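Q: Here's a structure for you.
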Amino acid sequence: MRLTQRNCCRANAEVQQPGYDRSRLSRGVLHLGLGAFHRAHQALYTEAAIHAGDSRWGIVGVSLREPRTPRTLAAQDFLYSVTECEGAAATTRVVGAVVQAWYAPHALEEVLGALADPGIAVVTCTVTEKGYCLHPSSADLDTQHPDIRHDLAHRDAPRSTLGVLAAGLRRRPAGAPLSIVCCDNMPTNGDTLRKLLGQYAALKDPVLARRVRDDVTFPNTMVDRIVPAATPASRRDAQRRLGLRDEAAIVCEAFTQWVIEDRFAGPRPAWEAGGALLTGDVRPFQAMKLQLLNGTHSAIAYAGQLCGLQTVAEAMDDPLVGAFARGVMADLRATVQAPPGYDVAAYSEALLQRFRNAALDHRTAQIAADGTQKVPLRWLPALRESLAAGVARPCLERALALWLHYLRCDTNQHGEPLAASDPGAPPLAAALRGAHDDTDAIHQALAHGAVFGEAPWPKQFQLRLAAHLTVLRERGAAALMSFTATT
Ligand code: CS2
């Protein structure tokens, strides 16, 4: 029997139900990027706000790229379950906050109509780093991006995040307050989205650019919850706990955190009801999380991929990769400014513990995706800052070499195929593969300004990286990481 409004009362007794009258919900939030992360994170905070008594905040979910989720949710009256796992303990709940789900290419008029609706006071976005069409190193709009070129030529039939937001805003009555909340893992994500949307609008529509600047707010946020992409096994497990068939089931960790800059143009859901922290300055939280969690995650992902370790928990269990992850985190921590009152050492230990959560099937391949977007945000600021102070970061520099080696290899150290999923990678990978030796490979790689920026990198650093590439080529990833076991 499938999860639907009618059947949800047949779920197992311990499953938490929405607990409010869904038929009374009006639409108040529009979300772009209807993946698992949104449904297991912001949607739960909104669910808590609704549960606390405010029925204005039903979520209209929009998928820009992927038709499956809206279709699946529609077949379930937009209900889905979230199972939170911590070791052997698990709790399952049914979430009722989503009231509509659209695949934008098939429902563009509806999507733009909702963006123009003054009843929608908040837009949230999780479209991944690459969904913003920016140059990762400068965070400026990539005006040559095929989606941006398309949208500038077809302003009423957009397909990019920025194009859709701009087209919706153009139809929105002046004076209807809107807050656009970016929930992707980028530093100063709200400011960045504001800048990008402004740059996009300025190319063709100065009036819109002025509205973006003056009328819309873009709070910065730090979002955190480990939500692996669903697998057939995780879905089976979730369905067993739910007692109903749920094709949109999510399994994630129990931990969740959302820190939001208190800068809203109009009303918003009382996300505090779900534990969100509204604060004046989110930047220290963002920087700490992006470097220590996401930065270490990326290192685990490339090390794991090259060593044939498929999940984060498996990689953490490997003595070499586990020790290396700790070393990378320590290197990153050296440049992190803690938010006031935060104990960064305790935060780091808690992260390592979360990475060891064996109940999650969090694939290293998933985190390894889109490295050309992630590495410049997660590792390069710490490296730049350290090198400028004359300090080497042995583990972090090795992590960078692991990534470059991963990009130039077809197979891992067991001869199994590696498939990097990263639309930005081919030119970098081609340069690495075409190099005549490891020194040249580093030289060629660092010349990719979109990823590595335009400022030169110190000679000694380049030589160290080249030496790491040689170790990787001749003796493999384990040999490169084994130094952490002895330091
Ligand atoms: C991960 C993140 O896939 C990735 O790049 O590092 O999705 C990570 O799991 C979340 O940011 C945790 O909050």
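Since every read-out is calculated from the coordinates, none of them should be taken as a lab result. Note that the structure is a prediction, hence the values are computed from the model and not measured. Every residue, glycine among them, receives a Cβ derived from its backbone with ideal geometry; neighbour counts consider all protein chains shown.
Q: When all C-alpha to C-alpha distances in segment 8-279 are sorted into bins of 5 Å, what percent of pairs does each bin hold, rounded to whole numbers?
A: For segment 8-279, the binned pair fractions read 1, 6, 13, 18, 20, 17, 12, 8, 4, 2, 0, 0 percent.
Q: Note down the nm distance, to one decimal, between modelled labels 7 Å out along Cα→Cβ at residue 229 and at residue 245.
A: Between residue 229 and residue 245, the label points sit 2.4 nm apart.
Q: Taking the Cα of residue 388, stepping 7 Å toward and past its beta carbon, and measuring to each backbone N in segment 319-360: which are under 18 Å?
A: Residues passing the 18 Å test: 332-338.
Q: Let me ask another. Relative to the longest principal axis of the C-alpha atoms of the chain, give the angle of the C-alpha long axis of helix 344-355, reported between 0 and 90° and rounded to the nearest 10°.
A: Helix 344-355 sits at roughly 80 degrees to that axis.
Q: How tilted is helix 189-204 with respect to the longest principal axis of the chain? Cα atoms for both, answer in degrees (0 to 90, nearest 10).
A: The answer is roughly 80 degrees.
Q: May I have the pair-distance distribution P(r) for segment 283-486, computed from all Cα-Cα distances with 5 Å bins from 0 and rounded to whole percent?
A: Percent of pairs per bin, in order: 1, 8, 17, 21, 23, 16, 10, 4, 1, 0, 0.
Q: While we're here: All other residues with a Cβ under 14 Å from the Cβ of residue 88 taken together, and with Lys, Arg as +1 and Asp, Glu as -1, what is their net charge?
A: Cβ neighbours under 14 Å give a net charge of -2.
Q: With contacts defined as alpha carbon pairs under 8 Å and 6 or more residues apart, what's the relative contact order of segment 13-122 in percent?
A: In percent, rounded to a whole number, it is 35.
Q: Could you list which residues have their amide H under 5 Å from that of residue 370, counting only those 5 or more apart in sequence or on another chain, with H placed in the peptide plane?
A: Under 5 Å from the amide H of residue 370: 421, 422.
Q: Taking the C-alpha atoms of segment 101-233, how large are the radius of gyration and the largest Cα-Cα span, Dmax, in Å?
A: Final numbers for Rg and Dmax: 14.7, 51 Å.
Q: Using alpha carbons only, how many angstrom separate the centre of segment 203-235 from the centre of segment 165-186?
A: Measuring centre to centre over Cα atoms gives 10 Å.
Q: If you don't mind, there's one more thing I want to ask. Summing Lys, Arg as +1 and Asp, Glu as -1, what charge do residues with Cβ under 14 Å from the Cβ of residue 185 carry, residue 185 excluded?
A: +2
Q: Which of the aspartates and glutamates could be linked to residue 374 by a straight reach, that is with a Cα gap under 12 Å, when you skip same-chain ones fewer than 8 residues away?
A: The qualifying aspartates and glutamates are 129, 184, 422.
Q: Set the Förster distance to 41 Å, then compute FRET efficiency between residue 467 and residue 149 from the Cβ-Cβ distance, nearest 0.05.
A: It comes out at approximately 0.50.
Q: Expressed in nm to one decimal, what extension gain is obtained for the pair residue 74 and residue 14 from 0.36 nm per residue of sequence separation less their Cα-Cα distance?
A: 19.1 nm
Q: Rg and Dmax in Å for segment 1-119, alpha carbons only: what are they?
A: Cα only, segment 1-119: 14.3, 46 Å (Rg, Dmax).
Q: Can you tally the net charge around residue 236? Count Lys and Arg as +1, Asp and Glu as -1, for every other residue whose Cβ sits under 14 Å from the Cβ of residue 236.
A: Surrounding charge for residue 236 is 0.
Q: Sticking with this one: Which of rounded, prolate, oblate describes segment 312-385, given a ≥ b ≥ c as roots of the alpha-carbon gyration tensor eigenvalues and a/c under 1.5 marking rounded, otherwise prolate only if a/b is larger than b/c?
A: Since a/c reaches 1.5 but b/c is at least a/b, the shape of segment 312-385 is classed as oblate.
Q: Which distance in nm do the two modelled labels at residue 203 and residue 310 give, with both placed 7 Å along the Cα-to-Cβ direction?
A: If labels sit at residue 203 and residue 310, their model points lie 4.1 nm apart.
Q: Based solely on its DSSP helices, what 222 nm [θ] is calculated for the chain when runs of n ≥ 4 H residues each add -39,500 (n - 2.57) and the sum is averaged over all residues, nearest 500 deg cm²/dmol?
A: -13500 deg cm²/dmol
Q: Can I ask one more? If you take the C-alpha gyration tensor of segment 243-321, multiply each eigenvalue by 5 and take the square root, what semi-axes do you get, largest first, in whole Å?
A: Listed largest to smallest, the semi-axes of segment 243-321 are 32, 21, 9 Å.
Q: Related question: Under 12 Å from a label point 7 Å along Cα→Cβ of residue 110: give me every residue in segment 34-69 with its amide N that close.
A: Counting only backbone N, you get 60-63.
Q: Something else: Between helix 394-408 and the chain, what is the angle of the helix's C-alpha long axis to the longest principal axis, kept within 0 to 90° and rounded to the nearest 10?
A: 80 degrees
Q: Report ³J(HN,Hα) in whole Hz for each residue of segment 266-278, in order, from the Karplus equation J = 6.51 cos²θ - 1.76 cosθ + 1.60 where θ = phi - 60°; Gly and Pro get x.
A: x, x, 8, x, 7, 5, 4, 4, x, x, 5, 9, 9
Q: When all C-alpha to C-alpha distances in the chain are sorted into bins of 20 Å, what percent of pairs does each bin hold, rounded to whole numbers?
A: Final binned percentages: 23, 56, 21, 0.
Q: Also: If I take every Cα pair under 8 Å that is 6 or more residues apart in the chain, average their sequence separation and divide by the length, what percent do I get for the relative contact order?
A: 15 percent
Q: Taking the highest mean first, how do the peptides 299-306, 156-163, 414-421 order by number of other beta carbon atoms within 10 angstrom per residue?
A: Result, highest mean Cβ count within 10 Å first: 299-306, 156-163, 414-421.
Q: What is the percent of Cα-Cα separations in segment 337-422 that go past 23 Å?
A: The share of Cα pairs beyond 23 Å in segment 337-422 comes to 41 percent.
Q: Give me the lysines in straight-line cross-link reach of residue 204: C-alpha distance below 19 Å, same-chain residues under 8 apart excluded.
A: List returned: 195.
Q: What residues qualify as long-range amide H neighbours of residue 278, i.e. H under 5 Å apart, gap of 5 or more or another chain, H built at 1.01 Å from N?
A: Placed amide hydrogens put 260 under 5 Å from residue 278.
Q: Quick one: compute the contact order of segment 283-486, relative version, from alpha carbon pairs under 8 angstrom and 6+ residues apart, as a percent.
A: 27 percent
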